[in-house]
1. With a 10 Å cut-off between alpha carbons and a GNM built on the chain, which of T286, T182, T298 moves the most?
2. Using a probe radius of 1.4 Å on heavy atoms only, what accessible surface per residue do you get for the stretch 192-251? Whole Å² is fine.
3. Which helices, taking whole DSSP H runs in the chain, have alpha carbons extending 30 angstrom or more along the helix axis plus mean Kyte-Doolittle at least 0.5?
4. Could you estimate the translational diffusion coefficient of the chain from the Stokes-Einstein equation, with Rh from the Kirkwood formula over C-alpha pairs, at 20 °C and 1.002 mPa s, in whole µm²/s?
5. Rounded, prolate or oblate, given the Cα gyration tensor of the stretch 229-326, with a/c below 1.5 counting as rounded?
6. Round to a whole number: what % of the accessible area of the stretch 133-289 belongs to carbon and sulfur, probe 1.4 Å?
7. So if I place +1 on the C-beta of Lys and Arg and -1 on the C-beta of Asp and Glu, and nothing else carries charge, what would the dipole magnitude of the stretch 194-325 be about its Cα centre? I want it in debye, nearest 20.
8. Roughly how many Å² of S156 are accessible to a 1.4 Å probe, to the nearest 10?
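The values are calculated or read from the model by the stated rules, or taken from the named source; none is laboratory data. The structure presented is a predicted model; accordingly, all values stated were derived computationally and were not measured. Cβ coordinates were reconstructed from backbone atoms using ideal geometry, including for glycine residues, and neighbour counts include every protein chain displayed. These area figures cover heavy atoms from the full protein model, side chains too; ligands, DNA and RNA do not enter into them. Shrake-Rupley method; radii C 1.70, N 1.55, O 1.52, S 1.80 Å.
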Amino acid sequence: MTEKTLRRHLTESALDPNLIFLLEDIASACRVVANRIRNGAFEGNLGSADATNVQGETQKTLDILANDEFERICANSPRLAALVSEEVEEVTWLKEPEAGDYLLYFDPLDGSSNLDVNLSVGSIFAIMQVQSDADRSVLRAGRKQVCAGYALYGPSTTLVLTTGSEVAGFTNESGTGDFRLTHPAMTVPQETSEFAINTSRYRYWDQPVRRYVDECVAGEEGIRERAFNMRWTASMVADIHRILTRGGVFLYPADSENRAAGGKLRLMYEANPMAMIIENAGGAATTGHHPILDIQPTGPHQRVPVIMGSKSEVDRLLRYHKADSQ
Ligand code: P6P
């Protein structure tokens, strides 16, 4: 059976044609970025550009190239009013916003420190819709997202997106270049025995996170009834895709080192899109105290603590945070 193409899936979802145009442009940008990564070594695109982004992070050449490809390709969408990119401090306005236009928030190349060692990286995106003419506010809570998704540039190039209830996964077919529906109706298993956290930050963690991780490490010799495994790929897209596929919990919590900055990961184009995907797949996504999607942003590059994945494990972490604050 030939799997449905992305266009067939989107048109069957009865979406606004202008949203379909934008999603197909995003898919094209991901296809182009995948090729630039694959040929990075030949085009001299590995390594760092002599620039830093708004986050103060050294930009990889491919960070800038990926950002430029997203801007160039998505600017073709007739109803796209603005872009908010991890790599660009200011909001990029393409037109005066009118009711019904779209806003695109994206991390063009997530986990780019993996590029030089040939490990998985990804692109993350979220789309919101302008409600009234001349509404130039890009600071909208994640619950207002009309679409969220990511591309994972791994052994295969996978595009995962949700426009409402279902989370659908598409694989890029070499030769035709089509994204074909290979993972319909993706769901996060409720239970898991796998957690993802940068354990080198143990000394900074708050008590609830230490308690949770210590219990996972103790496995059946402690209070948990089973052994746990740990995975950390230093690319949120790869870790979240694994969790969406076989369960798990991803943590980049607030800690004594990152709390003043609000956390490490960014709300608008990392935490919010991934939270929409995980919640629509039956999982949970929290800061440790509040649902990520309920946060009213104060800035386009705002950082937040992130705990998301299998609901039973997120609920356990919420209980530990609540007990610690009483
Ligand atoms: P650490 C990549 O830079 C990123 O934003 C996420 O994709 C990833 O989960 C995290 O930071 C990795 O952080 O502490 O391992 O460098």
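1. Of T286, T182, T298, the most mobile in the Gaussian network model is T298.
2. So the stretch 192-251 comes to 43 Å² accessible per residue, rounded to a whole number.
3. Going by DSSP H runs, the hits are 17-38.
4. Rounded, D is 107 µm²/s.
5. In terms of gyration-tensor shape, rounded.
6. On the stretch 133-289, the fraction of accessible area on carbon and sulfur atoms equals 50 percent.
7. 200 debye
8. 50 Å²
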